[in-house]
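The values are calculated or read from the model by the stated rules, or taken from the named source; none is laboratory data. Since the structure is predicted, the reported quantities are computational estimates derived from the model, not experimental observations. Ideal geometry is used to build each Cβ from the backbone, glycine not excepted, and the neighbour counts take in all protein chains shown. SASA here: full protein model, heavy atoms, side chains in, ligands and nucleic acids out. Shrake-Rupley method; radii C 1.70, N 1.55, O 1.52, S 1.80 Å.
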Amino acid sequence: MTSTQVPTLAGLTVLEIDGGEAGAIAGMTLADHGAAVTKIEPPEGAPERRRSGSENWDRGKSSVVVDASGPAAVATLAGLLSTVDVVIEGQGSLAALLDQADELAGDGSRRIRCSIDGFGAHGPLAGLPARDLLVAAHLGSCADQSGWSPGPSYPVHHVASVGAGLLAVQGILAALLVRARDGHGQRVATSLLAAGLAMSGRVEAGTPFRDRGLSARARGTSPLYSVYECGDGRWIQFGCLHGGFVERAVATLGISAAIEPLRSIPGFGDGVAPSPESIRAPFYAAVEGAVRSRPRAEWLALLEAADVPVAPVLDSEAFFDDAQGQANGFGLVDDPQLGAVELLGPALRLSDTPAFIRAGRPDLGEAQPALESPGPAPRNRADRTVPGAPPLDGLVVIEIANVIAGPMTGRYLADLGATVIKVESPEGDIFRQQNVPEFHPLNAGKLGLAIDLKASAGRDTALGLVERADVLVNNLRPGAAERLGLGDAAARERNPNLVYCQVSAFGSAGPYSLRAGGDPLAGAYTGMQATQGGSANPVYVRGAPIDYTAALVATAGILLGLLARDRIGHGQRVDTSLLDAGALLNAAGLARYAGRPERDDRSASQYRHDSLVGLYEVADGWLALDVETEPEWTALVGALNEPSLAADPRFADRAARATNDAALTELIGRRLRAGPLSATVQALLNAGVPAAPVRSVQALTLQDPAIADNGWVTEVIDPALGPIRLAHNWLSLSVSGSGPRSAAPQLGGDGERVLAELGSRR
């Protein structure tokens, strides 16, 4: 391995303490990039160790057992703290000892402590455990996720935990950049609720935004952005995001005659999101009838040949044998207990400081050898920053991106203090053209420049910007930037210090790399639709979680590239994709070895994982119940006022409750059904039972105390809309400021300023 091939974080030491799934995901990401991560666990092991997904989350780490109730616990933790760079901490008895241990450990001025909780440090929900279901219920995700039956849906995928873990990585890497600059560590904080906001695109204005005409169907939000069953009982997912794709799909499906009468009806538009229902219903019916006329393999061949965005809906397990999944990479480790284990590969590919999977999941108390440190990175950029400045202060980012994943990457970088220049075509970002409300939070805090990159003068201008930039973010289809003269090789030839980040649909190389893609297609390949709805009845997974996850992954990759640049003296290429992000979200199903048990996160029904974790209907709505520990079970028995439950042998322990889950579900449902929502939830919370009302997306506002009291809302002024409210500050750094400083740019509105300022930057 050459000096430039050493992983970026080699030599970095990390403790992970009571972090839950989010902390484990953060630790995994740091370990994949070379950090020596030690998981501090209680004698029985960390709770997340027993869940599907831990084969991936805990790979490459060491394990140290500490009994929080033991007399030496604080001293043991202090000894560990005295030698580490970073601490990832959550909620739990071990994490509760950290302040005491930190004081005993001595000088911690260089230490970075990153905390992850459930609902933030302030507001009425502070102190609730970090549970994805409670966050999803509060933010409206359960109500928003349609199923084949009426009512809300239990969200199988732990989007908030993945988001919080990646936000933690973002904060840690940003703090490391600051430490390289001034020598000091700091506190970093995020939460599952903050991550849910960061991945929601939520925005509010005095005048309501127009209705986009999206459907609430289980199959999808619009006729050609949905799942359909083919003639052989297999399913496909469409992802037609603009009118050109819609036209190709209609022609290839042979439904032009059925659709033609609809075109003249107001609301059809370009067919991407036709509304009202009088247009949508016959459009859906035409597509459904056509797709049922052929087997899946025939449709995939025809539609892919016509460049229509489409994908097969696969089970998670099938992704291991998928050609593009293999191209993006898996890891094979030898586990002393499980044998050969095939794991999900790192979601990031860095050209010069690549990630790798060092080892599998450790046994309790098992240590892993640390990588040799390549030496300390030199401190730099001090001449371009001031004390307390945001982590990326003084850095320039060029963003050539549309829709969500690329623009949200730019937003994260802008929030960290970078000057982000959004380069758009004269027509603008696709979301700008379609007047999508999410355009505003996705692009807040940036400068706007409109350039025709197909013209030689536009390309020359863009390359001039590249020469003066630190980062370029590109989410065009692979090959498009190269045709414009802005590919990785050309850009880094002009500027060797450039960190060039490509966010593609499926990967920059491999059999699908040149295909049109999008969030739901990556979800179909990686098993998200089949996991959420069931293999025989997959559903469209709403909320674009893959797009937002890809942005978080890309941001981490860019920060890693900037850290590595300080050591190796030049930039490099950073690659990730929606397919990588979808696989990360579905990591609970992506470990393969002989005798692997069925993944434990599948739901028993649309409404619940099991009797104690899921959604229950009450007199005037639905509530989310998340009972995972024995004390919480005892509290539930008391809250339900069913003394017989405690003595019933069917429910005596976890195993007995699992065996008799249907009976327990019926009993709990009967007790909860008659109560009013607000009073029932409050009674459960008062008794110590984790619960939350299932809100609609429309019912929750950014002025909600759980959000506003944590300082996660800001107001910016848009020239056309006036004051608008956005979520921000989802990642808190104690020393370095963050947050959007302005509304999304007007199309080309900062052209003169950008060219003048960068022209003077040498």
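Quick look at the numbers
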| quantity | calculated |
| --- | --- |
| Total residues in the stretch 398-416, condition in contact with a Gly (Cβ under 7 Å, 6 or more places away or on another chain) and either in a loop (DSSP other than H, G, I, E, B) or surrounded by fewer than 24 Cβ atoms within 10 Å (Cβ to Cβ) (or both) | 1 |
| Tally of residues being part of a helix (DSSP H, G or I) and in contact with a Pro (Cβ under 7 Å, 6 or more places away or on another chain) across the stretch 288-326 | 4 |
| The one condition in (1) out of contact with any strand residue (DSSP E or B) (no Cβ under 6 Å at 6 or more places or on another chain); (2) modelled with pLDDT under 90 that PHE356 fails to fulfil | (2) |
| Count of residues meeting criterion [open to solvent by less than 20 Å² (accessible area, probe 1.4 Å) and touching an Asp or Glu at 6+ places or on another chain (Cβ under 6 Å)] in the stretch 55-72 | 1 |
| Residue that is surrounded by the most Cβ atoms within 10 Å (Cβ to Cβ), among those in the stretch 527-567 that are part of a helix (DSSP H, G or I) and of a type in the set (D, E, K, R) | ASP547 |
| Test: residue in the stretch 296-318 that is in contact with a His (Cβ under 9 Å, 6 or more places away or on another chain) and either modelled with pLDDT of 95 or more or open to solvent by 30 Å² or more (accessible area, probe 1.4 Å) (or both) | no |
| Of all residues making up the stretch 239-271, the number that are touching a Ser or Thr at 6+ places or on another chain (Cβ under 6 Å) and surrounded by 17 or more Cβ atoms within 10 Å (Cβ to Cβ) | 1 |
| PRO643 in contact with a Gly (Cβ under 8 Å, 6 or more places away or on another chain) and open to solvent by 70 Å² or more (accessible area, probe 1.4 Å) | no |
| GLN434, sole failed condition from (1) more than 20 Å from the chain's Cα centre (by Cα); (2) under 22 Å from LEU498 (Cα atoms); (3) among the polar types (S, T, N, Q) | (2) |
| Test: GLU632 is at negative phi, among the acidic types (Asp, Glu) and either open to solvent by 80 Å² or more (accessible area, probe 1.4 Å) or not in a loop (DSSP other than H, G, I, E, B) (or both) | yes |
| When residues of the stretch 722-762 are limited to those that are open to solvent by 20 Å² or more (accessible area, probe 1.4 Å), at pLDDT below 85 and under 28 Å from the mean Cα position of the chain (by Cα), the one nearest to GLU427 (Cα to Cα) | ARG741 |
| The stretch 319-336 - residue that is among the aliphatic types (A, V, I, L, M) and open to solvent by 40 Å² or more (accessible area, probe 1.4 Å) and, of those, farthest from THR8 (Cα to Cα) | ALA323 |
| Tabulated pairs, the stretch 705-721, first free of Cβ contacts under 8 Å to residues at least 12 places away in the same chain, second hydrophobic (A, V, I, L, M, F, W, C), C-beta under 8 angstrom, 6+ apart or interchain | GLU715/ILE724; GLU715/LEU726 |
| Residue selected from the stretch 132-145 under the condition closer than 16 Å to ALA544 by Cα and in contact with a strand residue (DSSP E or B) (Cβ under 9 Å, 6 or more places away or on another chain), by the criterion surrounded by the fewest Cβ atoms within 10 Å (Cβ to Cβ) | ALA143 |
| Candidates LEU77, LEU97, LEU30 - the one that is at pLDDT 95 or above, over 27 Å from GLY163 (Cα atoms), assigned to a helix (DSSP H, G or I) and in contact with a helix residue (DSSP H, G or I) (Cβ under 7 Å, 6 or more places away or on another chain) | LEU77 |
| The stretch 337-378, residues that are open to solvent by less than 60 Å² (accessible area, probe 1.4 Å), touching an Asp or Glu at 6+ places or on another chain (Cβ under 7 Å), farther than 23 Å from SER577 by Cβ and assigned to a strand (DSSP E or B) | VAL341 |
| Matching residues in the stretch 646-686 - criterion: being open to solvent by 60 Å² or more (accessible area, probe 1.4 Å), closer than 25 Å to SER603 by Cα, assigned to a helix (DSSP H, G or I) and not basic (Lys, Arg) | PRO649, ALA655, ALA658, THR659, ALA662, GLU666 |
| Test: residue in the stretch 706-721 that is under 24 Å from PRO152 (Cβ atoms) and open to solvent by 30 Å² or more (accessible area, probe 1.4 Å) | no |
| Any hit, the stretch 156-170, residues being touching a Gly at 6+ places or on another chain (Cβ under 6 Å), buried (at least 21 other Cβ atoms within 10 Å of the Cβ) and at pLDDT 95 or above | yes |
| Among the residues listed as LEU514, LEU476, LEU465, the single one being in a loop (DSSP other than H, G, I, E, B) and under 30 Å from PRO719 (Cβ atoms) | LEU476 |
| In the stretch 603-628, the residues that are assigned to a strand (DSSP E or B) and closer than 20 Å to ALA588 by Cβ | ARG608, HIS609, ASP610, VAL613, GLY614, LEU615, ALA624, ASP626 |
| Residue in the stretch 175-187 that is more than 26 Å from LEU563 (Cβ to Cβ) and either open to solvent by 30 Å² or more (accessible area, probe 1.4 Å) or part of a helix (DSSP H, G or I) (or both) present | no |
